[in-house]
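Working notes for the structure below.
The values are calculated or read from the model by the stated rules, or taken from the named source; none is laboratory data. Keep in mind that what you see is a predicted model, and the values were worked out from it rather than measured. Reconstructed Cβ throughout: ideal geometry from the backbone, glycine too, with neighbour counts over all protein chains shown. Remember, those area values only see protein heavy atoms, side chains included, never the ligands or the DNA or RNA. Shrake-Rupley method; radii C 1.70, N 1.55, O 1.52, S 1.80 Å.
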Amino acid sequence: MGDEILPKIGILGSGKGSNFGAILRSIQSGDLPAQVSVVISDVEGAGILDLAAAHNIPAHFVAPGKFRARLDEEAESSCIRLLTEHGAQWVVLAGFMRVLKGAFLEAFPERIVNIHPSLLPSFPGLRAWEQACDYGVKYTGCTVHMVDRGIDTGTILAQEPVPVLDNDTPDSLHQRIQQSEWILYPAVLKALVSGRITIRGRNAFWKR
Ligand code: GRF
């Protein structure tokens, strides 16, 4: 299959990019029929940008502006412009630590996906693995969901449970959740870009 007909994915991340790494491995192994056309970070020098550059993928830092939890208008337009210039058909959040607002959602309606380290709707927001430890649940996990205006509230596409062990620390639990994420995220993206997931309101239906 030639590159030109593969669906293009734009990635947004703020951290080390291990999920992005898993997506790349899945593409390289021929399992995920897509190409990453651009990687954008709100954190200068983020690992995810280095990883993109090491794979010759356009990597851009966009200064987020004055807000702590979201992008300012200028940053938002820069991101939308970069994604559009690079032909991104899907926007994949991989550890992106800011909420996306209206303009973003309007530019990519039903085309923005996120992975969250808990079984939503339990434990939305920050440090979900620590919230799970503190609460004392026996199972947590990870969730891939569409992005809407809320925080981790969009339609759920897939979930993978992970047991909480008696001797878990927040860090050990987070590590095991991440291992599940590296399998789940590429698998969901594969189904999504291949048109095997239909979304109706809060429900996502998979064609196997
Ligand atoms: C993951 O745990 C993901 O669930 C959350 O942010 C983390 C990103 O990690 N949204 P990485 O940058 O992909 O390693």
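Some points to look at:
- Residue count for the range 18-46 satisfying the condition of being more than 18 Å from CYS79 (Cα to Cα), within 15 Å of the ligand (Cβ to nearest atom) and not basic (Lys, Arg): 7.
- Selected residue (criterion: farthest from the ligand (Cβ to nearest atom)) from residues of the range 97-117 that are hydrophobic (A, V, I, L, M, F, W, C), open to solvent by less than 20 Å² (accessible area, probe 1.4 Å) and over 19 Å from VAL193 (Cβ atoms): PHE104
- Test: GLY87 is under 25 Å from VAL62 (Cα atoms), assigned to a loop (DSSP other than H, G, I, E, B), away from the ligand (no atom under 16 Å from the Cβ) and at pLDDT 95 or above: yes
- For the range 97-146, a residue qualifies if it is touching a Phe, Trp or Tyr at 6+ places or on another chain (Cβ under 9 Å), more than 22 Å from GLY15 (Cβ to Cβ) and touching a residue at least 24 places away in the same chain (Cβ under 8 Å), and exactly one does: VAL137.
- Of all residues in the range 147-174, those that are closer than 20 Å to PHE108 by Cα and free of Cβ contacts under 8 Å to residues at least 60 places away in the same chain have Cβ atoms under 8 Å from Cβ atoms of residues that are of a type in the set (S, T, N, Q) and not in a strand (DSSP E or B), 6 or more apart or on another chain, in ASP148/THR155.
- Filter result for ASP168 (part of a loop (DSSP other than H, G, I, E, B), more than 24 Å from ALA187 (Cα to Cα) and open to solvent by less than 50 Å² (accessible area, probe 1.4 Å)): yes
- From the list ALA53, ALA75, ALA63, ALA22, the one residue that fits, being open to solvent by 50 Å² or more (accessible area, probe 1.4 Å), of a type outside the set (Phe, Trp, Tyr) and either touching a Cys at 6+ places or on another chain (Cβ under 7 Å) or not in a loop (DSSP other than H, G, I, E, B) (or both), is ALA53.
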